[in-house]
Amino acid sequence: MLTPASSFSINGATSPGAIIFANTTAPPPLEPLELFTTKSGDEIVAQLYNFTDKGERAVALRPEMTPTLARMIAAHERNYKKPVKWFAIPQLFRYERQQKGRLREHFQFNADIIGETDAGADAELIALLIDTLRSFGLTEQDFVIRLSSRNAWHDFYKKGAKATGNGHEYQFFQTIDKLERAAPEESEKKLAALGFSLADVNQFIESGAPTVELESILQNLAARGLRSFAKIDYKVIRGLAYYTGVVFEAFDAKGEFRAIAGGGRYDNLVKLISGNKVDLPALGFGMGDVVLLELLKERKLLPAFDSRTDVFVLIEDEALRPQSLQLVQDLRTAGYAVEYPLTPAKPDKQFKRAQELKAGHTAKLENDEYVRIRNLKTRAELTTGFASAKNHLR
């Protein structure tokens, strides 16, 4: 189900003129197996957790979010204005060998724009990716966005395949996608079988001439002051079959980790998933938590995840427990993180617990009407009325 969200912002700036969506009822992690084989072929099954359920249906734990989003958009697109900006943080599963930066289960931040063909939408998403990484404290010395184009590679392939009559473009893309991870002789052998030479491929990559669409994106990023974060790199092609145009990946500048994030255009996927009933252009990216975590650790930028306790309510007089519970509830309603002793305890034990929780304040009922508040950092104390206690904690 798609539910409109009130706004979507990057560093506090909202983006007008579009409907923004959040999935308040999360899409199911279990999908029909056909949803993934339709766009990727049967070979993807080896990478999935798939089985036959009690209803004799072939299902799989989702390995990615994009096909699910395409299905939801196809079902609901008439209800909303275009373009649609959508985000989610789904849990994903892949059956593969676990290694550094790659696990069988992870969470991923996804951001997509549906219903816009202009390259300005591509630049918008790339800017979002850059700003998201910058929000963690990463700079242009830490990461780079590598831009490429499936259209450029398609033209290269068609030119080379015309002489050989080759009809294996997807296999060609898969080989290019693995160039940096495979031995040169292995890539040479695979390319030769498809009618290409590694030397010609490398020459095309090294030329690095941006297409019209890529040049438009670079100019857009330059206008935002973000040009230094991106470069043209045709070694990026993205292995998934559904990509159709601009593709990109974020890498750490030192080259120590796998891709931090990746995405691109998938203008034909909604049409394919809907059985040709809905035809909408789309693009998006995904950023997993595994590589990002490794990068932030290495750069010593991982934020502290300490829990926060604003107030510890001391209950030294059990006769005042009912009123103390009311104070606890009032403070929590006002937005404070509040702890208190669930059972009777000695005053010194309660105070020690407040210190262990690194509470900012303690609060103790003096009687039915007054509360004594103590700032545990400054040791300053004040006594205030029960009803106004929450105002003195700000």
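Run down the lysines and flag those whose C-alpha is under 24 Å from the C-alpha of K235, throwing out any fewer than 8 positions away in its chain.
K39, K100, K158, K159, K162, K178, K189, K190, K254
Write down the radius of gyration of segment 29-110 and its Dmax, each obtained from C-alpha positions, in Å.
In order Rg, Dmax, the Cα atoms of segment 29-110 give 14.2, 43 Å.
Could you work out the helix-only [θ] at 222 nm for the chain, with each DSSP H run of four or more residues adding -39,500 (n - 2.57) and the total divided by the number of residues, to the nearest 500 deg cm²/dmol?
Taking each H run of at least 4 residues, the total per residue is -10000 deg cm²/dmol.
What does the accessible area per residue of segment 52-91 come to in Å², with a 1.4 Å probe and no ligands, DNA or RNA counted?
51 Å²
Quick one: what are the phi-derived ³J(HN,Hα) couplings along segment 369-374, Karplus 6.51/-1.76/1.60 with θ = phi - 60°, whole Hz, x for glycine and proline?
Each residue of segment 369-374 in turn: 10, 10, 10, 9, 10, 10 Hz.
Calculate the FRET efficiency for A223 and K346 from the Cβ-Cβ distance with a Förster distance of 45 Å, rounded to the nearest 0.05.
Here the calculated transfer efficiency is 0.10.
Testing the spin-label approximation: label points 7 Å from Cα along Cα→Cβ at S197 and F136. State their distance in nm.
Placing both labels 7 Å beyond Cα along the Cβ direction yields 4.2 nm.
Which entries of K346/K377; K81/K277; K297/K377 show an alpha-carbon separation above 25 angstrom in the structure shown?
Going by Cα-Cα distance, K297/K377 fall outside the 25 Å limit.
Based on the alpha-carbon set only, what is the convex hull volume of the chain divided per residue, in Å³?
So the per-residue Cα hull volume is 208 Å³.
Could I have the simple spin-label model distance between A46 and L357, label points 7 Å from Cα toward Cβ, reported in nm to one decimal?
Using points 7 Å along Cα→Cβ, the separation is 5.4 nm.
Can you tell me which aspartates and glutamates have their Cα less than 17 Å from the Cα of K364? Leave out same-chain residues fewer than eight positions away.
D310, E316, D317, E318, D330, E339, D348, E381
Can you give me the span-like helices of the chain, meaning DSSP H runs with 20 Å or more of Cα extent along the axis and Kyte-Doolittle mean at or above -0.5?
Answer set is 119-134.
How many percent of the accessible area of the chain is carbon or sulfur, using a 1.4 Å probe?
After summing per-atom areas, the C and S share lands at 51 percent.
Scan around A337 for amide H atoms under 5 Å from its own, H built in the peptide plane at 1.01 Å from N, and keep only partners 5 or more places away or cross-chain.
Here the answer is D310, V311, since their amide H atoms fall under 5 Å of that of A337.
Applying a 10 Å radius around every beta-carbon, put 191-201, 139-149 in order of their mean neighbour count, most first.
So the order, starting with the most tightly packed, is 139-149, 191-201.
Order of 179-187, 241-249 by packing, highest average Cβ count within 10 Å first?
Ranking, from highest mean packing down: 241-249, 179-187.
Provide the FRET efficiency to the nearest 0.05 for the A334-F87 pair, computing r from the beta carbons and using R0 = 41 Å.
E(calc), rounded to 0.05, equals 0.85.
Using the Cα centre of segment 79-149 as origin and beta-carbon charges of +1 (Lys, Arg) and -1 (Asp, Glu), tell me which of Q91, N110, G137 is placed farthest towards the positive end of the dipole.
Highest projection toward the positive end goes to Q91.
I need the semi-axes of the equivalent ellipsoid of segment 213-297: take the C-alpha gyration tensor, multiply each eigenvalue by 5, square-root it, list largest first in whole angstrom.
With the √(5λ) rule applied to segment 213-297, the semi-axes are 26, 18, 11 Å.
Viscosity 0.692 mPa s, temperature 37 °C: what is the translational diffusion coefficient of segment 111-181 from Stokes-Einstein with a Kirkwood Rh over Cα pairs, rounded to a whole number of µm²/s?
Once the numbers are plugged in, D ends up at 217 µm²/s.
Equivalent ellipsoid semi-axes for segment 199-251, as square roots of 5 times the alpha carbon gyration tensor eigenvalues: give them largest first, rounded to whole Å.
Working from the Cα gyration tensor, I get semi-axes of 21, 14, 11 Å.
Which whole-Hz couplings ³J(HN,Hα) result when phi for each residue of segment 242-251 is put into the Karplus expression 6.51 cos²θ - 1.76 cosθ + 1.60, θ = phi - 60°, listed in order with x for Gly and Pro?
Once θ is set to phi - 60°, the couplings for segment 242-251 become 7, 5, 10, x, 5, 10, 7, 9, 9, 10 Hz.
The values are calculated or read from the model by the stated rules, or taken from the named source; none is laboratory data. These figures come from a predicted structure and were not determined experimentally. Neighbour counts run over all protein chains shown; Cβ positions are idealised from the backbone, glycine included. These area figures cover heavy atoms from the full protein model, side chains too; ligands, DNA and RNA do not enter into them. Shrake-Rupley method; radii C 1.70, N 1.55, O 1.52, S 1.80 Å.
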